[in-house]
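The values are calculated or read from the model by the stated rules, or taken from the named source; none is laboratory data. Quick caveat: nothing in here was measured; it's all calculated off a predicted structure. Note that each Cβ is placed from the backbone with ideal geometry, even for glycine, and that neighbours are counted across all protein chains shown. Surface accessibility is based on the protein's heavy atoms, side chains included, excluding ligands, DNA and RNA. Shrake-Rupley method; radii C 1.70, N 1.55, O 1.52, S 1.80 Å.
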Amino acid sequence: DGGITQSPKYLFRKEGQNVTLSCEQNLNHDAMYWYRQDPGQGLRLIYYSQIVNDFQKGDIAEGYSVSREKKESFPLTVTSAQKNPTAFYLCASSRPGQGAYGQYFGPGTRLTVT
Amino acid sequence: AQTVTQSQPEMSVQEAETVTLSCTYDTSESDYYLFWYKQPPSRQMILVIRQEAYKQQNATENRFSVNFQKAAKSFSLKISDSQLGDAAMYFCAYRSRAGTGNTPLVFGKGTRLSVIA
């Protein structure tokens with residue numbers, strides 16, 4: 001079955017450590033996105049990539065980094081520079097010309113930093 | 001930049017009744033898409049309904065329908081015959097139709113819907 005996988009579902013890290021969240025899709029979608037969800041804040045865009053080896057910053061990119069070496073993969077690194085990293089992170093993907101269908105979302109990763 | 005506003009942080013509805021969730025947005029574009037997503041306790045985002053701005057007819061998906069008022073920049077969601085499984089967080093989202101259409105979504109802050117048995 002086609003879809004988006006994010007692993008792990010729950011992730012715990014100590015403050016000061018970098019951590020990488022995985023996002024893989026087998027939908028053959030060109031574009032991939034990372035959103036952060038906090039209580040009462042909705043979903044906010046961190047980074048997105050419309051093609052391999054290219055990505056753009058979103059509204060809250062500070063303290064995060066991404067790479068897009070393969071079409072299927074768009075990992076997100078939460079660096080120690082991110083002041084409030086504890087949140088729920090959602091990865092999504094979409095195909096060109098199908099903007100009307102919105103985006104497909106993964107199940108999310110809950111990151112807790114203590 | 002586009003913005004989406006959901007003015008109702010929480011709503012409740014009796015089972016089998018009808019409820020309407022509000023959404024307004026701000027944009028200078030004339031062509032775009034609007035969506036309602038549902039996020040149940042599992043936190044999986046589920047597309048409920050979509051509307052293309054150039055279509056005047058309001059979208060309908062079974063018990064879900066929208067009231068799209070382009071001039072007023074309003075996009076409300078009506079849920080008829082509410083069921084316990086409708087209890088969730090609902091997000092309104094905007095998508096520009098610029099370029100290939102692979103633009104990010106802009107989300108509102110969400111409305112938490114409770115369904116009372």
Exercise for the section: Estimate for me the total accessible surface buried between chains A and B (protein heavy atoms, probe 1.4 Å, no ligands or nucleic acids), in Å² to the nearest 100. Expected result: 2000 Å²
Completion exercise
Non-local residues with an amide H under 5 Å from the amide H of A:LYS71, with H modelled 1.01 Å from N and Pro and chain starts lacking one, are none
Practice task
With the convex hull built on the Cα atoms of the protein assembly as shown, state its orientation-averaged projected area in nm².
Solution key: 12.7 nm²
Handout entry: Choice from A:ALA61, A:ALA92, A:ALA81 showing the highest fluctuation, given a GNM over chain A with Cα pairs closer than 10 Å
Key = A:ALA81
Fill in the blank from the handout: Between B:GLY110 and residues 5 or more places away or on another chain, the pairs with built amide H atoms under 5 Å apart involve B:GLN6, B:CYS92
Fill in the blank from the handout: Between the alpha carbon centres of the range A:43-114 and the range B:57-72 the gap in Å comes to 30 Å
Practice task
Let me know the mean shielding of B:45-56 by other chains, meaning the per-residue number of their Cβ atoms within 10 Å of its Cβ.
Solution key: 2
Practice task
Compute from the Cα atoms of the range A:26-84 the Rg and the Dmax, the latter being the longest Cα-Cα distance, and quote both in angstrom.
Solution key: 11.9, 34
Problem - Apportionment of accessible area to carbon and sulfur, the range A:8-84, percent (1.4 Å) - result: 45 percent
Handout entry: Solvent-accessible heavy-atom area per residue, rounded to whole Å², over the range B:1-70 at 1.4 Å
Key = 56 Å²
Practice task
Evaluate Rg over Rh across chain B, taking Cα atoms for both radii and Kirkwood's formula for Rh.
Solution key: 0.96
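At most 12 other Cβ atoms within 10 Å plus a DSSP loop assignment makes a site exposed; report the longest stretch of chain A without any exposed trypsin sites (Lys or Arg not before Pro).
Details: sites that count: A:LYS9, A:LYS14, A:LYS83.
With trypsin sites (Lys or Arg not before Pro) excluded where exposed in loops, chain A gives A:15-82 as its longest stretch.
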Fill in the blank from the handout: The long-range amide H neighbours of B:SER76, using H built 1.01 Å from N in the peptide plane and a cut-off of under 5 Å, are B:CYS23, B:ASN67, B:GLN69
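Of chain B, which part is the longest with no GluC sites (Glu not before Pro) in a loop (DSSP not H, G, I, E, B) and with at most 16 other C-beta atoms within 10 angstrom? Don't jump to the answer; show the numbers that get you there.
Values: sites that count: B:GLU15, B:GLU17, B:GLU29.
Answer - B:30-117.
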Completion exercise
Most fluctuating of B:LEU105, B:LEU34, B:LEU21 in the GNM of chain B (C-alpha, under 10 Å) is B:LEU105
Problem - Most positive-pole-ward Cα, B:VAL19, B:ALA87, B:PHE68, against dipole of the range B:7-117 from beta carbon charges - result: B:PHE68
Problem - Hz values of 3J(HN,Hα) by residue in the range B:107-117 - Karplus curve (6.51, -1.76, 1.60), Gly and Pro given as x - result: 9, x, 7, x, 10, 8, 9, 10, 10, 9, 6
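Determine the sum of side-chain charges near A:GLY108: Lys and Arg each +1, Asp and Glu each -1, restricted to other residues whose C-beta is under 11 angstrom from that of A:GLY108.
Details: positive: A:LYS9, A:ARG36, A:ARG110, B:ARG43; negative: none.
Neighbourhood net charge equals +4.
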